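Asker: I have a structure I would like to understand better, so I am pasting it below and will then ask my questions one at a time.
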């Protein structure tokens with residue numbers, strides 16, 4: 001569930017926020033282990049490799065990579081190949 005301020009985010013930001021929130025939710029299982037994030041949103045995968053990104057999203061990724069040291073890759077998977085899509 002999003003907060004009042006998050007509800008005004010662009011859908012692209014919300015997709016990334018969902019990834020970040022999910023990783024945080026399962027932190028105890030993911031820390032110290034490499035894992036794959038599979039998403040039906042190709043923009044999420046592209047964001048991870050962009051040279052320039054929205055400062056808010058950059059903060060989220062920097063926190064995950066450098067503060068928590070998560071070891072992950074993001075893969076795009078078409079919605080027709082996912083069991084559950086939004």
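Asker: Determine the pairs where a residue that is free of Cβ contacts under 8 Å to residues at least 60 places away in the same chain, located within segment 27-46, has a partner that is part of a helix (DSSP H, G or I) and surrounded by fewer than 13 Cβ atoms within 10 Å (Cβ to Cβ) with Cβ atoms under 6 Å apart, the partner being 6 or more residues away or on another chain.
Answerer: Pairs that qualify, where the first residue is free of Cβ contacts under 8 Å to residues at least 60 places away in the same chain and the partner is part of a helix (DSSP H, G or I) and surrounded by fewer than 13 Cβ atoms within 10 Å (Cβ to Cβ), are 40/79.
Asker: Please give the helices (runs of 4 or more DSSP H) falling wholly within the chain in which 2 or more residues are surrounded by 13 or more Cβ atoms within 10 Å (Cβ to Cβ) and out of contact with any strand residue (DSSP E or B) (no Cβ under 9 Å at 6 or more places or on another chain).
Answerer: Working: elements: 11-25, 27-30, 42-49, 55-62.
Counting at least 2 such residues, we get 11-25, 55-62.
Bear in mind that the values in this text are calculations on the coordinates, not laboratory data. These numbers were taken from a predicted model, which means no experiment stands behind them. Don't worry about glycine lacking a Cβ; one is built from the backbone with ideal geometry, like all the others, and counts go over all protein chains shown.
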